[in-house]
Amino acid sequence: MSIAIIVGCIFFSAKCVNREEQDKAVADHKNTGATQFTGSSKCAGCHKNIYESHINTAHFHTSEIASEKSIKGSFDSGRNTFSFSNGGMIKMEKRAEGFYQLAYVNGVERLRQRFDIVFGSGTKGQSYATWAGNKLLQLPITYFTSEHQWCNSPGNPNKIAINRLVTSRCLECHSTFVQKISGAEMGPDEFDKSTMVLGVDCEKCHGPAAKHVAFQTENPNEAKARYIINPSTFTRLQSLDMCTLCHGGRLQKSKPSFEFTAGDKLSDYFHTDTLAKDPDAIDVHGNQYGLLAASKCFRQSQTLTCMSCHNPHANEKGNVVLFSQRCMNCHNDKHANAVICTLTATLGTAINSQCTNCHMPEQASRAIAVLLQGRDTLTPAFMHTHLIKSYPAETQKILATIKAPARTANLRK
C-alpha cells in the first residue's frame with residue numbers, strides 16, 4: 001500500500017538542497033561545541049511563521065527555566081503541599097528569590113531546594129530539577145495535570161527522596177544541547193550550565209545553526225540554505241532515527257550523549273535490539289516507534305514515517321479530526337489495495353473523524369504512573385498508543401457517541 005506523505009517537508013529555506021549536500025551538512029555538524037548553537041530565537045528573523053508556531057509545541061516546552069509562567073502547579077495555601085505516609089511533607093513555596101520545594105519532618109524544615117528547571121510541557125505533567133553545583137537533581141514532587149495536583153515524582157519511594165540525578169541521557173531528549181564537564185566521565189554527570197539550550201528547538205533537528213545564521217546574514221540574497229540540515233531530504237531510516245532517538249524507549253548508548261546528530265544512523269550511537277518484541281508488552285509512553293513499527297500500516301509501507309502524521313512545527317495535540325483526516329489520505333477508494341473502514345457504509349463520513357480514537361486509543365502507561373496524595377495505588381497517565389490496529393471495545397464506545405445524537409434527533413421528530 002502506498003502511503004502518501006501528507007505533512008509538508010520541514011523547510012528551513014526557500015529551496016530544498018540535495019541529498020549529497022545534506023550528508024555534508026550532517027558531517028560538518030559533528031563534534032560541535034556550545035558556541036555552534038545560536039538559539040531558536042535567531043531563526044525567527046527568516047522563519048517567523050514557523051518559529052511562532054513551533055514555540056507553542058510540547059517539544060519546545062519540554063524543558064525551560066522555572067518561573068511563575070512555566071510551573072503549572074499551585075503555590076496557593078491549601079494546594080501547595082504533599083504529605084508522605086511516614087509523616088514527611090513537601091511544601092511548594094514562592095519567595096522573593098525564587099520557587100522552592102521545602103522538606104519538613106515532624107513539622108521542622110529540613111531541606112530547601114530551588115525550582116531551577118522545568119521538564120515537561122504540562123500536557124501530561126511536569127517534573128522539576130535543581131542545580132547542586134554542576135549536577136542536576138530531580139526534585140521529589142511532580143505535577144500531574146489530569147488531577148491538577150502535586151504528586152510524588154515517578155519512581156520515587158513513598159518518602160522524601162532528594163538524590164536522584166538527572167543524567168546526560170535524560171537531557172539528550174529533554175533539551176537541545178548541554179556540554180558535559182570534562183573530567184567528570186567516571187562519576188555522576190556534571191554539566192556546564194551556561195551551555196544549556198533548553199527545549200527541543202529548531203537546532204535539535206536542523207543542527208547547530210550559528211554558522212548558518214552568520215552566512216545567511218552576510219549573504220541575504222542567497223536563496224539556497226547553507227550550513228544547515230534539512231530533514232525533508234532524509235531517507236526513511238534517517239527520518240525515523242531522528243525521532244527514535246527520544247521516542248524509541250530505553251536505548252542503551254554506545255557513545256556519549258549529544259554526539260548523535262539528525263541525519264546520523266542511530267545504531268552507530270546506541271545498542272539496538274534486533275529481536276522482535278511483543279507489542280502488547282511495550283509501554284504506551286516512550287517507545288512510540290516500537291509500537292508503530294509493529295503496526296500493519298507501517299510494515300506494509302515503504303514511506304510511512306513519524307512525520308507522515310505529525311507536523312513538528314505545529315501544536316496539533318488532541319486534534320483527533322485532523323489526525324483522522326491524515327489517515328483518510330491513504331484509507332480511501334483512490335488508493336489501490338487500501339483498507340477502507342467497514343463502518344463507512346452504515347455510518348457515512350461521521351466515522352471518518354474518529355480513526356485515531358478507534359485504532360490508536362488512549363491507554364494507561366505503566367512507565368508514567370504517580371502516587372497521588374492520600375492514595376495507596378499508582379495513578380497512570382493516559383496517552384494514545386501508536387500500535388495501530390482494531391480495538392473492538394473502543395470502537396463500541398465511539399459507535400455509542402455517534403448513534404446517540406441520531407437517536408435524539410429521531411425522538412424530536
TODO: Take S353 and decide whether it is on the phi < 0 side of the Ramachandran plot and over 17 Å from the mean Cα position of the chain (by Cα).
DONE: yes
- [ ] Filter the stretch 292-328 for residues that are part of a loop (DSSP other than H, G, I, E, B), out of contact with any helix residue (DSSP H, G or I) (no Cβ under 8 Å at 6 or more places or on another chain) and not polar (S, T, N, Q) and give the result.
- [x] H310, K317, G318
- [ ] Would you check which residues across the stretch 115-130 are within 20 Å of P188 (Cα to Cα) and not in a strand (DSSP E or B) and list them?
- [x] D116
TODO: Being surrounded by 12 or more Cβ atoms within 10 Å (Cβ to Cβ) and of a type in the set (D, E, K, R) is the filter here, so list the residues in the stretch 99-114 that pass it.
DONE: R110, R112, R114
Open item on the list: Can you pull out every residue in the stretch 129-188 that is among the acidic types (D, E) and at pLDDT 95 or above?
Closed with: E172
Open item on the list: Exactly one of these conditions fails for V320: (1) within 24 Å of C173 (Cα to Cα); (2) at pLDDT below 95; (3) under 20 Å from the mean Cα position of the chain (by Cα). Give me its number.
Closed with: (1)
Open item on the list: Which count do you get for residues in the stretch 193-240 that are of a type in the set (A, V, I, L, M, F, W, C), more than 25 Å from S168 (Cβ to Cβ) and in contact with a strand residue (DSSP E or B) (Cβ under 9 Å, 6 or more places away or on another chain)?
Closed with: 2
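Which one of K277, K255 is modelled with pLDDT under 90 and part of a loop (DSSP other than H, G, I, E, B)?
From the options K277, K255, the qualifying one is K277.
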Task: Flag for I181 being hydrophobic (A, V, I, L, M, F, W, C) and either buried (at least 18 other Cβ atoms within 10 Å of the Cβ) or over 20 Å from L198 (Cα atoms) (or both) - done: no
- [ ] Give just the number: which of (1) part of a helix (DSSP H, G or I); (2) at positive phi does Y289 not satisfy?
- [x] (2)
Open item on the list: For the stretch 220-230, give me the residue count where each residue is surrounded by fewer than 18 Cβ atoms within 10 Å (Cβ to Cβ) and either under 16 Å from G45 (Cβ atoms) or touching a Leu at 6+ places or on another chain (Cβ under 8 Å) (or both).
Closed with: 5
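Rundown of residues vs (1) under 30 Å from K317 (Cβ atoms); (2) surrounded by 18 or more Cβ atoms within 10 Å (Cβ to Cβ); (3) touching a residue at least 60 places away in the same chain (Cβ under 8 Å), yes/no style:
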residue: T35; (1), (2), (3): no, no, yes
residue: A44; (1), (2), (3): yes, no, no
residue: K48; (1), (2), (3): yes, no, no
residue: Y51; (1), (2), (3): yes, yes, yes
residue: S63; (1), (2), (3): yes, yes, yes
residue: E68; (1), (2), (3): yes, no, no
residue: K72; (1), (2), (3): yes, no, yes
residue: F84; (1), (2), (3): no, yes, yes
residue: E97; (1), (2), (3): no, no, no
Open item on the list: Of all residues being in contact with a Cys (Cβ under 9 Å, 6 or more places away or on another chain) and of a type in the set (V, I, T) in the stretch 128-165, which is farthest from E93 (Cα to Cα)? Just the residue, please.
Closed with: T142
Task: Of residues in the stretch 249-278 being in contact (Cβ under 8 Å) with a residue 40 or more places away in the chain and touching a Gly at 6+ places or on another chain (Cβ under 7 Å), the one surrounded by the fewest Cβ atoms within 10 Å (Cβ to Cβ) - done: G249
TODO: Could you check how many residues of the stretch 22-43 are more than 29 Å from S182 (Cβ to Cβ), over 22 Å from the mean Cα position of the chain (by Cα) and modelled with pLDDT of 65 or more?
DONE: 1
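Quick one: count up the residues across the stretch 132-149 that are under 11 Å from S74 (Cα atoms) and within 21 Å of the chain's Cα centre (by Cα).
Of the residues in the stretch 132-149, the ones under 11 Å from S74 (Cα atoms) are 143, 148-149.
Applying the additional criterion that residues be within 21 Å of the chain's Cα centre (by Cα) yields 143, 148.
The total comes to 2.
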- [ ] Quick one: which residue in T217, T235, T244 is surrounded by fewer than 19 Cβ atoms within 10 Å (Cβ to Cβ), modelled with pLDDT of 95 or more and out of contact with any Ser or Thr (no Cβ under 8 Å at 6 or more places or on another chain)?
- [x] T235
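The values are calculated or read from the model by the stated rules, or taken from the named source; none is laboratory data. What you see is a predicted model, and the numbers here were worked out from it, not measured in a lab. With ideal geometry, Cβ positions are generated from the backbone for all residues, glycine too; neighbour counts draw on all protein chains shown.
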